[in-house]
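K.L.:
Before anything else, here's the structure in question.
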There are 2 protein chains.
Amino acid sequence: MNKTLIQELINRYITLTNDVWKRGEVLVREEIGSDLTNDQLYLLRYVNQHKQCTTTELAEVFFVQKSAISAIVNRLVEKNLMERSQDKEDRRIVVLSLTDEGKELYLKMESKIFKLVESFITQFNEKEITQFMQSYEKLAKILKDKMEEK
Amino acid sequence: MNKTLIQELINRYITLTNDVWKRGEVLVREEIGSDLTNDQLYLLRYVNQHKQCTTTELAEVFFVQKSAISAIVNRLVEKNLMERSQDKEDRRIVVLSLTDEGKELYLKMESKIFKLVESFITQFNEKEITQFMQSYEKLAKILKDKMEEK
DNA sequence: TATATTAGTTCAACACGTGAACTATTCACG
DNA sequence: CGTGAATAGTTCACGTGTTGAACTAATATA
């Protein structure tokens, strides 16, 4: 693969990622119609899917400092969507979970994402999806190894 | 495709996009070692690749308001990496371009991205890359149509 | 028991986002 | 023409997200 082709590939890839990601955010947010930011929704989503979730874990998953997570959690607690509780075994640990109101909003969001995906997934056949995801997984693994080799 | 499979697909896709994107940012920024933010680097990159670039165009590309672009451009101008000039034909238009210092930084960044991609692209064969990009393009087009159908 | 490590929060400072208010220029049409 | 609408862009206030340092509290280690 020559240099120009790689350059074109990089440009196209960066543009596509930006486009797909931002458009997805717009489409989901338009529908659920809450006053939450995207970051708040990602956190809400992750916490509901991974029980016994901690600040440290979230910081690692989203590649930010713990203080950044604290700030977002504070806003979600203020909005009565999330709550903190102490771990019985190790009292340093703060376990995060959604309130009933938070769970309700989570379900609304998931349902919207599902409908969105359902509406266009028919345009792909299963083999195409499998291949795409396999390549994507491979890419993710390569970058992960690269970051950890230091 | 049943409901559970779609849910798993969505989760895996969201995780992968977040992972790949953020890890790529970390790897590039570690190497070029400037004090610029990611957003500033994206703008720098876009402006150098698309001559005669305007605030309005950047706002559309990055899915933000024009005022957000103005703010970032201000910071890049302060750092002596970008400059504004007036269009001769239509004096409302502000044409953005990089200073020599900005171009130098751009080349440094591109070279780093290139080396990074080059180092792992050998692990994919050309057919796999072509198929991946085709599916990605298709996905981007579907989301674009969806957003415009309103 | 003393010290180091771990989990988490708060704070100041800065970057980024929006939407409203504003300036300046060009377009459209009676 | 001239006047109002549309377009390009900036500035501002305010809320949110991020870092890194300083801090509290609890647990692990030697």
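The values are calculated or read from the model by the stated rules, or taken from the named source; none is laboratory data. The model shown is predicted, which means the values in this text are computed figures rather than measured ones. Virtual Cβ from ideal backbone geometry, glycine too; neighbours counted across all protein chains shown.
K.L.:
Going by the conditions given, is A:VAL28 within 15 Å of DNA strand D (Cβ to nearest atom) and touching a Leu at 6+ places or on another chain (Cβ under 6 Å)? Can you show your working first?
P.N.:
On the way: within 15 Å of DNA strand D (Cβ to nearest atom): yes; touching a Leu at 6+ places or on another chain (Cβ under 6 Å): no.
No; evaluated as a whole, the condition is false for this residue.
K.L.:
Please state which of the following conditions A:VAL94 fails to meet, knowing it meets all the rest: (1) within 14 Å of another protein chain (Cβ to nearest Cβ); (2) more than 8 Å from DNA strand D (Cβ to nearest atom).
P.N.:
The single condition A:VAL94 does not satisfy is (1).
K.L.:
Go through B:VAL73, B:VAL61 for me and flag whichever is among the hydrophobic types (A, V, I, L, M, F, W, C), at pLDDT 95 or above and over 30 Å from A:PHE120 (Cα atoms).
P.N.:
Values: B:VAL61 fails: over 30 Å from A:PHE120 (Cα atoms).
Exactly one residue qualifies, and that residue is B:VAL73.
K.L.:
Just a yes or no: is a residue in the stretch A:56-73 more than 14 Å from chain B (Cβ to nearest Cβ) and assigned to a loop (DSSP other than H, G, I, E, B)?
P.N.:
Of the stretch A:56-73, the ones more than 14 Å from chain B (Cβ to nearest Cβ) are A:56, A:66-67, A:69-73.
Then keep just the ones that are assigned to a loop (DSSP other than H, G, I, E, B); that gives none.
No, because not a single residue in the stretch A:56-73 is more than 14 Å from chain B (Cβ to nearest Cβ) and assigned to a loop (DSSP other than H, G, I, E, B).
K.L.:
Can you find, within the stretch A:1-34, the residue that is nearest to B:ILE10 (Cα to Cα) among those that are within 9 Å of another protein chain (Cβ to nearest Cβ) and touching a residue at least 40 places away in the same chain (Cβ under 8 Å)?
P.N.:
Applying the filter and picking the extreme gives A:GLY24.
K.L.:
Given the residues B:LEU116, B:LEU58, B:LEU98, which is the only one that is farther than 30 Å from A:PHE114 by Cβ, within 13 Å of DNA strand C (Cβ to nearest atom) and in contact with a helix residue (DSSP H, G or I) (Cβ under 7 Å, 6 or more places away or on another chain)? Working first, answer last.
P.N.:
Details: B:LEU116 fails: within 13 Å of DNA strand C (Cβ to nearest atom); B:LEU98 fails: within 13 Å of DNA strand C (Cβ to nearest atom).
Just one listed residue meets the conditions, B:LEU58.
K.L.:
Where residues in the stretch B:35-59 are exposed (fewer than 15 other Cβ atoms within 10 Å of the Cβ) and within 14 Å of DNA strand D (Cβ to nearest atom), which of them is nearest to the chain's Cα centre (by Cα)? Spell out how you get there, then give the answer.
P.N.:
Looking only at the stretch B:35-59, we keep the residues that are exposed (fewer than 15 other Cβ atoms within 10 Å of the Cβ), and these are B:35, B:37-38, B:49-52, B:56.
Now restrict to residues that are within 14 Å of DNA strand D (Cβ to nearest atom): B:35, B:37-38, B:50-52, B:56.
Working: B:ASP35: 18, B:THR37: 13, B:ASN38: 9, B:HIS50: 12, B:LYS51: 15, B:GLN52: 17, B:THR56: 16 Å.
My answer is B:ASN38.
K.L.:
So A:ASN74 fits all but one of (1) away from DNA strand C (no atom under 11 Å from the Cβ); (2) over 15 Å from the mean Cα position of the chain (by Cα); what number is the exception?
P.N.:
(1)
K.L.:
Follow-up question, since we're still on this one. I'd like to check something: does the stretch A:85-102 contain any residue that is within 19 Å of A:GLU25 (Cβ to Cβ), in contact (Cβ under 8 Å) with a residue 12 or more places away in the chain and assigned to a helix (DSSP H, G or I)?
P.N.:
Going residue by residue through the stretch A:85-102, those that are within 19 Å of A:GLU25 (Cβ to Cβ) are none.
Among the residues of the stretch A:85-102, not one is within 19 Å of A:GLU25 (Cβ to Cβ), in contact (Cβ under 8 Å) with a residue 12 or more places away in the chain and assigned to a helix (DSSP H, G or I), which makes the answer no.
K.L.:
A:THR122 passes all but one of (1) within 30 Å of B:LEU143 (Cα to Cα); (2) touching a helix residue (DSSP H, G or I) at 6+ places or on another chain (Cβ under 9 Å); which number fails?
P.N.:
Answer for A:THR122: the failing condition is (2).
K.L.:
Let me ask another. With the requirement that a residue be at the interface with chain A (Cβ under 10 Å from one of its Cβ atoms) and of a type in the set (Phe, Trp, Tyr), what does the stretch B:99-124 give you? Show your work before the answer.
P.N.:
The first filter runs over the stretch B:99-124 and keeps only residues at the interface with chain A (Cβ under 10 Å from one of its Cβ atoms), leaving B:110, B:113-114, B:116-124.
Within the stretch B:99-124, B:PHE114, B:PHE120, B:PHE124 meet the criteria.
K.L.:
Among the residues of the stretch A:125-141, which ones are facing another protein chain (nearest Cβ under 7 Å) and modelled with pLDDT under 95?
P.N.:
Result: A:GLU126, single match.
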